[in-house]
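Presented below is the structure to which this report refers.
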Amino acid sequence: MITAVVLAAGASTRMGTHKLLLPLGGEALVRRTVRQILPAGFDDVLVIVGHEHDRVVASFQDLTVRHAINAQYGTGMGSSFRVAVESMPDSAAAMFALADQPLVSSYDYHLLLDAYRTGAAGIISVRYGEITAPPHLFDRRYFPELARL
């Protein structure tokens with residue numbers, strides 16, 4: 001089983017409003033990101049929520065995904081990695097995506113998953129020109145390190 005994890009726990013403090021709930025193309029940003037991931041071929045989709053979790057979950061509650069609440073979201077992204085690892089006991093690998101990257105397409109997510117399935121690498125990262133940035137896919141052997149972040 002390979003899980004797609006959407007990190008959606010932050011408080012958007014720099015934005016001044018909850019950016020994941022802002023509309024884009026007629027839907028909340030977080031919902032759009034989740035919808036982009038769903039057809040990519042992952043076995044499981046897990047959304048890690050925190051700040052205003054009830055409102056965030058309501059934005060995608062009709063989609064076939066599960067969620068986990070990061071009560072410690074204020075401590076940083078590392079706490080979301082811990083919650084994710086604890087919520088994936090049967091996953092052989094996990095792709096971590098940011099909920100505020102709505103322009104990453106289903107095809108892009110599929111390419112990442114396919115690269116993992118066809119290669120021997122335990123970590124698959126994406127490059128945007130000279131920049132390496134999420135989403136990233138990690139083999140289960142790296143979960144203990146992710147949980148310590």
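The figures follow:
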{"read-out": "Check: segment 7-86 dipole with +1 on Lys, Arg Cβ and -1 on Asp, Glu Cβ, in debye", "value": "280 debye"}
{"read-out": "Debye log10 I(q)/I(0) for the chain, one point scatterer per Cα, at q = 0.10 Å⁻¹", "value": "-0.31"}
{"read-out": "DSSP beta bridges in the chain [antiparallel fraction, %, rounded to 5]", "value": "40 percent"}
{"read-out": "Between segment 1-67 and segment 120-149, the Cα center-to-center distance that results, in Å", "value": "20 Å"}
{"read-out": "Peptide ranges 20-26, 96-102 listed from the most packed, as the mean C-beta count within 10 angstrom indicates", "value": "96-102, 20-26"}
{"read-out": "Net dipole in debye of the chain [+1 Lys, Arg Cβ; -1 Asp, Glu Cβ; about Cα centre; nearest 20]", "value": "220 debye"}
{"read-out": "Span-like helix ranges in the chain, DSSP H, alpha carbon extent 30 angstrom or more, Kyte mean at least -0.5", "value": "none"}
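Each reported figure results from applying straightforward, stated rules to the coordinates on display, with no laboratory input. Note that the structure is a prediction, hence the values are computed from the model and not measured. All Cβ positions, even for glycine, are placed from backbone atoms using ideal geometry, and neighbour counts span all protein chains on display.
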